[in-house]
1. For the chain, which semi-axes, largest first and in whole Å, follow from the square roots of 5 times the eigenvalues of its Cα gyration tensor?
2. Take each of the peptides 108-121, 137-150, 59-72, average the number of other beta-carbon atoms within 10 Å over its residues, and list them starting from the highest.
3. Calculated FRET efficiency, M95 and D68, Cβ-Cβ r, R0 41 Å, to nearest 0.05?
4. Starting from the Cα of S86, move 7 Å in the Cα-to-Cβ direction to define the label point; list residues of the stretch 25-62 whose amide nitrogen is under 14 Å from there.
5. Quick query: amide H of N178 versus all other amide H atoms, modeled in the peptide plane; which residues come in under 5 Å with a sequence gap of 5 or more or a different chain?
6. What does the extension gain come out to for F20 and T148, with contour length at 0.36 nm per residue minus their alpha carbon separation?
7. Kindly point out which whole DSSP H helices in the chain project their C-alpha atoms 18 angstrom or further along the helix axis while averaging a Kyte-Doolittle hydropathy of -1.0 or above.
8. Name the residues whose placed amide hydrogens come within less than 5 Å of the amide hydrogen of Y56, ignoring near sequence neighbours (fewer than 5 apart) on the same chain.
Amino acid sequence: MNKVLIGALVGGLLLWIWQFLSWGMLNIHGSEMSYTGAQDQILACLADSGIEEGTYFIPNVPPGTPQDEAQQMWEQRIGQPWALVSYHKEMSINMSMNMIRGFVVDILAVFLLSYILIGRNDLTFQKTLISSVMVGLISYFTTSYLSTIWFETSSIGHLIDAVVQWGIVGAWLGFWLNR
């Protein structure tokens with residue numbers, strides 16, 4: 001069990017460092033947070049609208065709309081603008097708590113992977129590395145990529161993360177768990 005715990009702590013730190021680099025210094029996710037010169041007008045409009053904090057797909061139909069009316073609205077909107085908006089009434093930047101939470105989640109993720117891997121009798125460096133990258137790709141395909149399909153957003157940064165960060169973790173665990 002010590003092997004799994006140490007593997008998870010170091011692996012979690014490696015994940016955390018990559019994520020810091022990916023979202024910050026390397027700006028791999030820059031396309032997900034584009035700038036618009038109309039941001040002040042958009043934010044003022046949202047603030048004046050009285051909407052609650054939340055994520056909105058616009059246009060949408062009110063809850064309880066009959067299926068035939070909803071279908072008619074969707075057909076009328078083909079070729080029209082649409083938006084996915086996450087709205088918060090106040091910006092707050094609590095980087096310390098966000099980074100701590102991210103680090104804890106990273107340790108937990110690597111712990112779960114290590115626990116699965118340590119149970120294999122035929123574990124090798126190569127199998128550990130490949131299994132780790134596969135876990136990253138499974139996560140990417142079932143979360144980020146699915147969002148890309150439905151909301152037509154870019155997920156290239158998440159694909160890079162899936163391969164690189166889980167490749168780094170796989171290399172570490174391949175070394176550590178096979179000692």
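1. Details: eigenvalues 322, 82, 43 Å².
Value: 40, 20, 15 Å, ordered largest first.
2. Numbers: 108-121: 15.9, 137-150: 13.6, 59-72: 10.5.
In decreasing order of mean packing, 108-121, 137-150, 59-72 become 108-121, 137-150, 59-72.
3. Details: r = 48 Å, r/R0 = 1.18.
Rounded to the nearest 0.05, the efficiency is 0.25.
4. Answer for this model: 29-34, 53-57.
5. none
6. Numbers: separation 128, 0.36 × 128 = 46.08 nm, distance 2.25 nm.
Between F20 and T148, full extension yields an extra 43.8 nm.
7. Working: long enough: 2-20 (27 Å, 1.43); 95-118 (34 Å, 1.84); 125-142 (26 Å, 1.09); 156-177 (30 Å, 1.34).
Span-like helices in the chain: 2-20, 95-118, 125-142, 156-177.
8. HN-HN under 5 Å from Y56: V85, S86, Y87.
Computed from the coordinates by the stated procedures, all read-outs in this text should not be read as laboratory data. From a predicted model like this one, the values you see are computed outputs, not experimental measurements. With ideal geometry, Cβ positions are generated from the backbone for all residues, glycine too; neighbour counts draw on all protein chains shown.
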